[in-house]
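Accompanying notes for the structure given below.
Computed from the coordinates by the stated procedures, all read-outs in this text should not be read as laboratory data. All figures in this text were calculated on a predicted structure; none of them were measured in a lab. Here the Cβ is made from the backbone with ideal geometry for all residues, glycine too, and neighbour counts use every protein chain on show.
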């Protein structure tokens, strides 16, 4: 393996400063799943509100497959400008309680996962990071009229026990965040993650409720006061729009009712079963779900339609 630390460019900081020691780390990477545009909303809220100071950046040219995931550039009639270079960066943020923490965010690398992971573990050791928390959001056949579900994972039982609404045993496509969690735990470091469940029929739209959910879970785990007021207001406005769309689309209304019934059946159980399956263990009909979601989204305004492709 090539030297992992050669991937990192440090800014002009005193990296041995006491204020960088012992901070917790939040990881938010844009990968294959970003239902409801959770990452883009959380990243915008944190970087715009919490006085970010760039600590280090990764060499994206060694990590991104540009032909598979092309960056954006502006064309101004007769010339190109404003090339949007992919940026995987480590920031130091300060929350509303004047508590500092580290935030690693940007596009999930296409290449060199083990090398990137080794580099991140090197940063964890160098800064003596206490707890590492990651998050993502996945589409699920659940209703928007019920609290967001979550799958919690990691080695801190006090931060994950009793809150998961779906805890399968399954073979899943890996993410870099999941690999980092595995390697951190192998190294004896504390690591947890939260995967929020977004209603399938809203997963392609910007859904502020999931961003609020992310900030609540990671904020509680890291003992931070994270900003949610603007997202909550946007969520209230969107909720009214969704209610109107559901009322005007009978097939979606029936789908939501079915999801509500299934959700309510499982909530009282001590050990909750997967909401992906019915009582007879059959996955909901994919064609019916796709048609209903398409009908719903055809009348729903898509905000931030390109944000899921942002670096």
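Look at the alpha carbon pairs under 8 Å that are at least 6 residues apart: their mean separation over the length of region 4-309 gives a relative contact order of 22 percent. For region 1-40, what does the alpha-carbon gyration tensor say about shape, rounded, prolate or oblate, given a ≥ b ≥ c as the root eigenvalues, a/c under 1.5 as rounded, and a/b over b/c as prolate? Taking the square roots of the gyration eigenvalues as a ≥ b ≥ c, region 1-40 is oblate. Its residue count N fixes a reference of 2.2 N^0.38 Å for region 192-260, and the Cα radius of gyration divided by that reference is 1.29. Distance from the alpha carbon centroid of region 113-178 to that of region 1-25 works out to 23 angstrom. Highest mean packing comes first when the peptides 188-197, 155-164 are listed by Cβ atoms within 10 Å, giving 188-197, 155-164. Normalised by the number of residues in region 181-259, the average gap of Cα pairs under 8 Å and 6 or more apart makes the relative contact order 20 percent. Across q = 0.12, 0.17, 0.24 Å⁻¹, region 113-207 modelled as identical point scatterers on its alpha-carbon atoms has Debye log10 I(q)/I(0) values of -0.45, -0.82, -1.24, in the order of the q list.
Panel values: region 87-157, Kirkwood radius from alpha carbon pairs, Stokes-Einstein at 25 °C and 0.890 mPa s, translational diffusion coefficient 161 µm²/s. Rounded is the label for region 43-146, because the ratio a/c of its alpha-carbon gyration tensor axes (a ≥ b ≥ c) stays below 1.5. FRET efficiency for the pair residue 260 and residue 114, taken as 1/(1 + (r/R0)^6) with r the Cβ-Cβ distance and R0 = 45 Å, rounds to 0.55.
When only alpha carbons of region 4-309 are considered, Rg and Dmax amount to 20.2, 64 Å.
Cβ-Cβ distance of residue 21 and residue 187, R₀ of 25 Å, FRET efficiency by 1/(1 + (r/R0)^6): the value works out to about 0.90.
For region 70-112, rounded, prolate or oblate, judged on the Cα gyration tensor with a ≥ b ≥ c (square roots of eigenvalues), a/c < 1.5 rounded, else prolate if a/b > b/c? In terms of gyration-tensor shape, oblate.
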